[in-house]
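Student: The structure under discussion is supplied below as structure tokens; questions concerning it will follow.
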Amino acid sequence: MARLKKKLVQWEPTDIKAELLTKYPPKVARKRAKQIMINEALENTTPEIVANVRTIPGIITMRGCTYAGCKGVIMGPTSDIVNLVHGPIGCSFYAWLTRRNQTSASGEKNENFIPYAMSTDMQDSDIIFGGEKKLEAAIQEAYDLFHPKGIAVFATCPVGLIGDDIHAVARKMKEKFGNCNVFAFSCEGYKGVSQSAGHHIANNQVFRHMVGTSTTEKTDKYKINLLGEYNIGGDGFEIDRILKKCGITNIATFSGNSTYDQFASANQADLSAVMCHRSINYVADMLEVKYGIPWIKINFIGANSTAKSLRKIAKYFGDQELIDRVEEVIAEEMPAVEVARADVLPRTEGKTAMIFVGGSRAHHYQELFKEMGMKTISAGYEFGHRDDYEGRQVIPTLKVDADSRNIEELEVEPDEKLFRPRKSPEEMQALEKDGLHFKEYHGLNPDMDKDTIIIDDMNQYEADKLIQIMKPDLFCAGIKEKYSVQKLGIPQKQLHSYDSGGPYAGFVGAVNFYHEIDRLVNSRVWSYMKAPWQENPELSATYVWE
Amino acid sequence: MLLRHTPKEIMERNALVINPAKTCQPIGAMYASLGINGCLPHSHGSQGCCAYHRSTLTRHYKEPISAATSSFTEGASVFGGQANLLQAIENIFTVYEPEIIAIHTTCLSETIGDDLKQIAIKAEKEGKIPKGKHIIGAPTPSYVGSHVTGFSNMVKAMAGMATPTGKKNGKVNIIPGWVEPSDMRELKRLAEMIGVDYTLFPDTSGVLDGPLSGEYTMFPKGGTTVQELKGCGDAIGTLALGEWCSADAARWLDSKCKVPCSVLDMPFGLKATDRFIDALRIVAGTTVPDEVTYERGQLVDLISDMHQYFYHKRVALVGDPDQLISMVEFLTSIDMIPAYVITGTPGKKFEARIKELTKDVPCEVKVKAWGDMFLLHQWIKNEPVDLLIGNTYCKYIARDEDIPLVRWGFPILDRQGHQYFPTVGYKGALRLLEKILSALLDRKDRDDPERTFELVM
């Protein structure tokens, strides 16, 4: 820890913040000042941070677009739905197999459309005369070739501008086929301010067009949905392994390694367990209102968090049999984790990390670093909202602005046939009293130390500055940020799709992560950056007669 | 099977592209811009385009790719992106301090009709462009052509910086086309060996093949300088390597600045390199030194040493037109059979050129421009090949059909080395041959039964 203090001593957090803002034009500085916060680490009274607002043009952001959030993140991982992108070729190309969402293709006929990128490849004539006819023909061709259960159509920027009615085309083709659910997503890249809007648009349509449509009854004893888990690097495989070992049935993962039928049966689960709060908390709410399924926040990143999350799920069902089984599983799994942890701890303890990713990962991964004795000295989300920082109590006070207004909010009511309260109000109260909190997420800020710096929508300039000032031992962000950080001699771990490797969730994932971070922060390569003659540039000479 | 839904029977498709063999214009423009010294590429559209292009280029080159975006919102999409771009220009020059911003459009800003020229004039008038700094722009609508077209459009915008003085500067413009930083470095090495004073643009060597030294700078030393670009109108000639990537810029310089141009094939393989070296010597009025002739001889030697393994092996290729044309010629010249050739980039001329290059090949050669990898896979299912050459996405076909794969082209997301080892020139051809032979013989070693397994090959 002595090392940590030495690094930070010359900089007060307020000075760091001032330094980050000093070069900006005044307007930019004013705006960014509201998105850079010195943490007070207080629960429920945390100071307000500005989040989920527009990125400033010209400032090199880490963010992507609504289409990326919709097609890439949410709909990408489902194996048996054909994803058809309506637009020029690029949007489909870039979202083709680049997110590392793995699949076991567990659909009825082992369909796997994930390795296929499909596009209407719009040309200038389609832009001028409209692309609806081409879209219709493309849907027909996809149907004739693959006969899938579902075809999802995604809008790209020009589609919204030229006014193609993709929903009408989808409806028409759905009626025509009879045995294929065709539905569309108005996820034009310019909507919203980040990927987050795309998550919302995708989830709304999943909820509207698929959830509750299955007629096969699920009779397992402990049934949950896992919301906001995308099976990057096999995270979902590991979580499913653990759940299965505990005797818990995962009805539907939204949307890692998912299938059409999983979504369709999601209404039959008895609990929704929410991983990524940002991308899906509203679906958890809708599942509760429409079908009566309560939800809790869980986190399978970190071995301790995994154990805690399993205990929460067991507590909810309340059966001693399950509670005992969960304890057995934890007892079986933890020794291997402890061995790995003890191995790396002498090399990782006291090291520092910064995390700037996602809408939940910047929070979740701090648990793993804690287990390794590493401190997160600065963090923030790429596309989080205020509730992800400050906790859900701020939701009623969130301002609706021009950018959030155009993202549809579904109004749902209890389903006449399928609504079924899972617990009585008394049972719910008793559980709450016993420490199992429903619909609760307290956000990132209370979990970070006082005076740490929290930065929303971090950009390249601020990242460079922050690294130079605070010299962390590890920086976590996305692939775009990776190499500029590493040129400085600071290892970067990609925490969107991990570059390579994984899983990092669950018990096996924790072990993988310990080893990976140990490898990164202790790699010999960082000692090779200067040549011997650069480190010791003094000249030496010999006499001619020698 | 990973591509388990790809049927052998080929159904004609008119609207649906599956597994594209191209991507969109802006990424090509972004890559070209990185070949200008001190340049920050700027994507005038919504921020997803910029994020996707940066991610893909980063994964391919394993280097920092800096680029900014106009971050369009719904409002900008309705009212036009001028305000966003003006603000971006001001912020970029203040915060990142590049010498030049190279702006390209997107399908979004093209559809709403933003006029880059007019916005640049406004920026100039409002004093948003500091003295001595520059802005160039290229229209790159994603719904026309492909990433190759975008590259070409930005290279043309670079040529547009030429400010002829009326006095020739004795230099030769070399426009390399979309090749790796290592290839650009190799072209410069060859030009220097021949004693040619040149301007190579774009030039991503020294930008996208930087060292790990504990220092990071957004604008490394490499890249064609603005000064050099201004001077390219005074050159004694231009060699444009590749009709699709480079010819537009060369022809523009020819007609506007009276710099005579020759459009050559990209120098992949023996014959295309021969033509490049010969053209370079003639335009510069120098003689080719023995070292270059020696390198050529080494290549011919290797071809003769390996010929028995190449002879009449069937190859499927997918990639970009300029690269494929030279590669098809190279494979034909070593008696391999380029059985299937696909590019996603439109162009009937491409099909005609491949047909002409393969007219003496002793079996049918299937070629398609504006094709996709789904079709290529179907062709392979109908009649197999011995080798596949293309980008990383080919590995799904290679695995399913159990065909050796040589990764070559863009993007390569799962192997390294392409940034450092050139495939242009004679030296580059040696590397191509080595890769092809290793792929074929590794497969033979894997498949040969024990009784015919051999030590010496």
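Student: If you scan the range A:130-158, which residues turn out to be more than 9 Å from every other protein chain (Cβ to nearest Cβ) and small (G, A, S)?
Tutor: Those that are more than 9 Å from every other protein chain (Cβ to nearest Cβ) and small (G, A, S): A:G130, A:G131, A:G150, A:A152, A:A155.
Student: Quick check: anything in the range A:56-63 farther than 30 Å from A:G150 by Cβ and away from chain B (no Cβ under 12 Å)?
Tutor: no
Student: Keeping to the range B:1-18, report how many residues are among the basic types (K, R) and more than 7 Å from every other protein chain (Cβ to nearest Cβ).
Tutor: 1
Student: Let me ask you something else. Here are some conditions: (1) within 14 Å of chain A (Cβ to nearest Cβ); (2) of a type in the set (S, T, N, Q); (3) more than 28 Å from A:Q492 (Cβ to Cβ). B:S213 meets all but one. Which one does it not meet?
Tutor: B:S213 satisfies all of (1) within 14 Å of chain A (Cβ to nearest Cβ); (2) of a type in the set (S, T, N, Q); (3) more than 28 Å from A:Q492 (Cβ to Cβ) except (3).
Student: Any residue in the range A:449-470 that's more than 11 Å from every other protein chain (Cβ to nearest Cβ) and without any contact (Cβ under 8 Å) to a residue 24 or more places away in the chain: show its pairings with residues that are surrounded by fewer than 18 Cβ atoms within 10 Å (Cβ to Cβ) and of a type outside the set (A, V, I, L, M) at Cβ separation under 7 Å, as long as the two are six or more apart or on different chains.
Tutor: That search, which allows pairs on different chains as well, returns nothing.
Student: Return yes when A:A303 is touching a residue at least 12 places away in the same chain (Cβ under 8 Å), of a type in the set (A, V, I, L, M) and closer than 30 Å to A:H147 by Cα and no when it is not.
Tutor: no
Student: Then there's this: Would you say B:G81 is over 28 Å from the mean Cα position of the chain (by Cα), more than 7 Å from every other protein chain (Cβ to nearest Cβ), crowded, with 22+ Cβ neighbours inside 10 Å and touching a residue at least 24 places away in the same chain (Cβ under 8 Å)?
Tutor: Taking the combined requirement at face value, the residue satisfies it.
Student: Something else about it: If I filter the range B:23-33 for residues that are within 7 Å of another protein chain (Cβ to nearest Cβ), more than 23 Å from the chain's Cα centre (by Cα) and at pLDDT 95 or above, do I get at least one hit?
Tutor: No.
Student: Within the range B:375-388, how many residues turn out to be out of contact with any Pro (no Cβ under 9 Å at 6 or more places or on another chain) and within 14 Å of chain A (Cβ to nearest Cβ)?
Tutor: Of the range B:375-388, the ones out of contact with any Pro (no Cβ under 9 Å at 6 or more places or on another chain) are B:375-377, B:379-380, B:382-385.
Going one step further and asking which of them are within 14 Å of chain A (Cβ to nearest Cβ), we end up with B:375-377.
Summing the residues that are out of contact with any Pro (no Cβ under 9 Å at 6 or more places or on another chain) and within 14 Å of chain A (Cβ to nearest Cβ) in the range B:375-388 gives 3.
Student: Sticking with this one: Of everything in the range A:205-232, what is surrounded by fewer than 24 Cβ atoms within 10 Å (Cβ to Cβ), farther than 20 Å from A:K149 by Cβ and in contact with a strand residue (DSSP E or B) (Cβ under 9 Å, 6 or more places away or on another chain)? Give them in sequence order.
Tutor: If the condition is that a residue be surrounded by fewer than 24 Cβ atoms within 10 Å (Cβ to Cβ), farther than 20 Å from A:K149 by Cβ and in contact with a strand residue (DSSP E or B) (Cβ under 9 Å, 6 or more places away or on another chain), then A:D220, A:K221, A:Y222, A:K223, A:I232 are the ones that fit.
Student: Separate question: So which residues in the range B:56-85 are within 24 Å of A:Y94 (Cα to Cα) and part of a loop (DSSP other than H, G, I, E, B), if there are any at all?
Tutor: Scanning the range B:56-85 gives B:K62, B:E63, B:P64, B:I65, B:S66, B:A67, B:S70, B:S71, B:F72, B:T73, B:G81.
Student: Quick check on this structure: which one of B:G75, B:G81, B:G38 is at positive phi and assigned by TED's automatic domain parsing to the domain that holds B:V148?
Tutor: Selected residue: B:G38, the only one of B:G75, B:G81, B:G38 that is at positive phi and assigned by TED's automatic domain parsing to the domain that holds B:V148.
Student: Of all residues in the range B:419-457, which are farther than 20 Å from B:A272 by Cβ, within 34 Å of the chain's Cα centre (by Cα) and basic (K, R)?
Tutor: Listed by number, the residues that qualify are B:R443, B:K444, B:R446.
Student: Looking at B:A120, B:A88, can you tell me which residue is assigned to a helix (DSSP H, G or I), touching a His at 6+ places or on another chain (Cβ under 9 Å) and in contact (Cβ under 8 Å) with a residue 12 or more places away in the chain?
Tutor: Only one candidate passes the filter, namely B:A88.
Student: For residues that are of a type outside the set (G, A, S), surrounded by fewer than 24 Cβ atoms within 10 Å (Cβ to Cβ) and over 20 Å from A:T259 (Cβ atoms), tally how many sit in the range A:167-192.
Tutor: 7
Student: Yes or no: the range B:41-48 includes at least one residue that is at the interface with another protein chain (Cβ under 8 Å from one of its Cβ atoms), within 22 Å of B:V226 (Cα to Cα) and in a strand (DSSP E or B).
Tutor: yes
Here is a yes/no grid of residues against (1) surrounded by fewer than 24 Cβ atoms within 10 Å (Cβ to Cβ); (2) under 30 Å from A:R311 (Cα atoms):
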{"position": "A:M458", "(1), (2)": "no, no"}
{"position": "A:F475", "(1), (2)": "no, no"}
{"position": "A:K480", "(1), (2)": "no, no"}
{"position": "A:Y483", "(1), (2)": "yes, no"}
{"position": "A:I490", "(1), (2)": "yes, no"}
{"position": "A:S497", "(1), (2)": "yes, yes"}
{"position": "A:S500", "(1), (2)": "yes, no"}
{"position": "A:G506", "(1), (2)": "no, yes"}
{"position": "A:I517", "(1), (2)": "no, yes"}
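Student: Here is a follow-up. Could you check how many residues of the range B:123-148 are away from chain A (no Cβ under 13 Å) and not in a loop (DSSP other than H, G, I, E, B)?
Tutor: 6
Student: Given the options A:G198, A:G212, name the one that is out of contact with any His (no Cβ under 9 Å at 6 or more places or on another chain), on the phi > 0 side of the Ramachandran plot and modelled with pLDDT of 95 or more. If you could, list the steps in order and put the result at the bottom.
Tutor: Working: A:G198 fails: on the phi > 0 side of the Ramachandran plot.
Being out of contact with any His (no Cβ under 9 Å at 6 or more places or on another chain), on the phi > 0 side of the Ramachandran plot and modelled with pLDDT of 95 or more holds for just one of A:G198, A:G212, which is A:G212.
Student: Considering only residues that are in contact with a strand residue (DSSP E or B) (Cβ under 9 Å, 6 or more places away or on another chain), touching a residue at least 24 places away in the same chain (Cβ under 8 Å) and either facing chain B (nearest Cβ under 7 Å) or more than 17 Å from A:R63 (Cβ to Cβ) (or both), which ones fall in the range A:477-487?
Tutor: Residue satisfying the conditions is A:S484 alone.
Student: Among B:K167, B:K188, which is in contact with a strand residue (DSSP E or B) (Cβ under 7 Å, 6 or more places away or on another chain), charged (D, E, K, R) and either in the same structural domain as B:L430 (by TED's automatic domain parsing) or surrounded by fewer than 21 Cβ atoms within 10 Å (Cβ to Cβ) (or both)?
Tutor: B:K188
Student: May I ask you to list the residues in the range A:66-107 that are farther than 17 Å from A:I201 by Cβ, assigned to a loop (DSSP other than H, G, I, E, B) and at the interface with chain B (Cβ under 8 Å from one of its Cβ atoms)?
Tutor: Correct list: A:P88, A:W96, A:L97, A:T98.
Student: Run B:T56 past the list (1) of a type in the set (S, T, N, Q); (2) within 30 Å of A:A105 (Cα to Cα); (3) within 25 Å of the chain's Cα centre (by Cα); (4) more than 7 Å from every other protein chain (Cβ to nearest Cβ) and report the number of the one that doesn't hold.
Tutor: (4)
Student: Taking the range A:114-126, which residues are hydrophobic (A, V, I, L, M, F, W, C) and facing chain B (nearest Cβ under 7 Å)? Please lay out each step first, then the result.
Tutor: If we filter the range A:114-126 for residues that are hydrophobic (A, V, I, L, M, F, W, C), which is where we start, we get A:114, A:117-118, A:122.
Of everything in the range A:114-126, those that are hydrophobic (A, V, I, L, M, F, W, C) and facing chain B (nearest Cβ under 7 Å) turn out to be A:A117, A:M118, A:M122.
Student: What do you reckon, is B:A51 more than 8 Å from chain A (Cβ to nearest Cβ), buried (at least 24 other Cβ atoms within 10 Å of the Cβ) and part of a helix (DSSP H, G or I)?
Tutor: No; evaluated as a whole, the condition is false for this residue.
Student: Go through the range B:332-429 and tell me which strands (runs of 3 or more DSSP E), entirely inside it, have 1 or more residues that are without any contact (Cβ under 8 Å) to a residue 60 or more places away in the chain and under 19 Å from B:S182 (Cβ atoms).
Tutor: Of the strands (runs of 3 or more DSSP E) lying wholly inside the range B:332-429, those with at least 1 residues that are without any contact (Cβ under 8 Å) to a residue 60 or more places away in the chain and under 19 Å from B:S182 (Cβ atoms) span B:405-407.
Student: Quick check, is A:W533 without any contact (Cβ under 8 Å) to a residue 12 or more places away in the chain, within 14 Å of another protein chain (Cβ to nearest Cβ) and loosely packed, with under 11 Cβ neighbours inside 10 Å?
Tutor: Judged against the criteria, A:W533 is a match.
The values are calculated or read from the model by the stated rules, or taken from the named source; none is laboratory data. Being a predicted model, the structure only gives us computed values, none of them experimental. As a convention, Cβ positions derive from the backbone with ideal geometry for all residues, glycine included, and neighbour counts pool all protein chains shown.
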